[in-house]
Amino acid sequence: MESPVIPFVPVDDFSPEPDMVIEDQRPQSPLRKRARRSSTASESGRSRVMVSEESKDPVRDDTYYMSDGSCVLRVQNTLFNVWPHVHRTILSRDQSFFGSLFTLPQGEFKEEGTSDDHPIVLQGDTAEEFRHFLWAIYALPSELMIVRSPKTDLSRLIDIAKVSSKYTFKSTETWALDAIQEYLERNTSPLFSGNPLIRIFPTLSTRSSALLDSEGQIARLIRLAQMCSHSRLLDTMIQLLLKLMTDSLHYSYLAMTLADEFNIRDLRGAAYLQVMQTSVFVCPGESNGHTYVEGDIQETSGGPQRLVVSPVQQLRLLSGYHRLAKAWERLRAVPPQFDHAPSCGATWHQHGCTQSWTDFWKEKTRSEGVLSLGSANVLGRLTIIVKEFDKWGSATYMHHDCKSAARRSIHEKVKQIQEALSDYFSEGGEY
């Protein structure tokens, strides 16, 4: 189904400077929008149990439709038949959803779960997800040890954690999340040592099937961490994305989109900044015979890649550029303030110390290295100034302790901007 035309969103009174890469495209025809994976209500709550009204005949699962089972469950078009002690004991433990199900009065639905014609129907799961969940329930200890080996199936662990969380199997959920965390730390260890070669997720410039699969896995892990309120896993995935997006615009767009979807403040500012600095961003639509589909990335001749973003994302990118450029102008005019050392007033003239710092700041903020960066690249410009400050040496009339305080003031300004980066890319108001 095609989406309606989304008009170009102009920004009043905004004239981009020459160093800013942005193209305005006015859609002229209906858009085609790439399908996205999104979390459903059933992923965050308990599934409803109801009598199926589907006419299509279900099929029995090859592994978990057991001949001696006595509880028939239907997931999508697949029937599972579990053992009596499983649905009464294992499926009822941890105060799970199934525990409540099997203690409810049967009433007029007393035949549910007793046959293929009257199964208990679970909504919101896929047959594969539920099959993986049952594997965790039935597996022998020797089989469970595979999660500690290089043959770990990450997708299966994600399914187990997701279904376990949904039906409140806390012990199984905890086990699966711990296994996922251990797997990521084991296989992405180069990430945390600064090595850009990450074995799980490729950093490819072209949109290959491997890249698409890795984007899907990252999105699933972010959603799982949010659904299970697993802060450690969420932090791991944020750090992973922050590393990946410096090597590929595909991951930058993914990080920006996920940060918006889940309101991840620590990720949003960095992702939007990376996209702003490394791409030409346009709105979806058609122009000059080209169709721009949201999320697509196109190569340009000798320049940055072209990224198709939503109108809301474009507005945030424009706002961020404008605000950061204004922030630099304020910062360039007035250097970061610091308190003079007590000994400065006793042995030095504080006015001369302040003047020396002001002269340094005025000179370095106009240096060639600083001006070679975009006017909105405040963090990059401050990084250059720190390096210039370290070269300053003793050729100054500043007191030694005041020099240390001045250097700290630059670092504090960098930290302040980093912490507030998400606010620069908000839609409304001034920052």
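In this structure, the residue pairs whose Cα-Cα separation is over 23 Å, taken from K326/K415; K56/K170; K170/K243; K243/K362, are K56/K170; K170/K243; K243/K362.
Database remark: amide H of E286 closer than 5 angstrom to the amide H of Q28, S29, Y292 (H placed geometrically; neighbours at sequence offset of 5 or more, or on other chains; Pro and chain starts carry no H). The dipole here belongs to the stretch 211-268: it is taken about the Cα centre, uses +1 on the Cβ of Lys and Arg and -1 on the Cβ of Asp and Glu, and is about 160 debye.
Kirkwood Rh over Cα pairs of the stretch 324-424 into Stokes-Einstein at 20 °C, 1.002 mPa s: D in µm²/s? Can you show the working numbers first?
Details: Rh = 14.2 Å.
Once the numbers are plugged in, D ends up at 151 µm²/s.
What does the charge count near D401 come to, summing +1 for each Lys or Arg and -1 for each Asp or Glu among other residues with Cβ under 15 Å from its Cβ? If you can, show how the numbers build up before the last one.
Values: positive: K403, R407, R408; negative: D339.
Cβ neighbours under 15 Å give a net charge of +2.
Computed extension length for S409-A333: 25.8 nm, one decimal, from 0.36 nm per residue of separation with the Cα-Cα distance subtracted. Ordered by the count of other Cβ atoms within 10 Å of each Cβ, fewest first, L242, L307 give L242, L307. Restriction of the trypsin sites (Lys or Arg not before Pro) in the stretch 337-375 to DSSP coil positions whose beta-carbon has at most 12 other beta-carbons within 10 angstrom yields R366. Which GluC sites (Glu not before Pro) in the stretch 120-173 pass both tests, a DSSP loop state and at most 10 other beta-carbon atoms within 10 Å? Here no GluC sites (Glu not before Pro) fit, given the DSSP loop and packing criteria. Label-to-label distance for E143 and S171 is 1.8 nm, based on points extended 7 Å past Cα in the beta-carbon direction.
How do H132, H411, H250 line up, fewest other C-beta atoms within 10 Å first? List each step's numbers first, then the result.
On the way: H132 21, H411 12, H250 25.
Fewest-to-most Cβ neighbours within 10 Å comes out as H411, H132, H250.
All of the numbers you see were taken from the coordinates with simple rules; none came from a lab. Small disclaimer: the values here were computed from a predicted structure and weren't measured. Every residue, glycine as well, gets a Cβ built from its backbone with ideal geometry; the counts of neighbours run over all protein chains shown.
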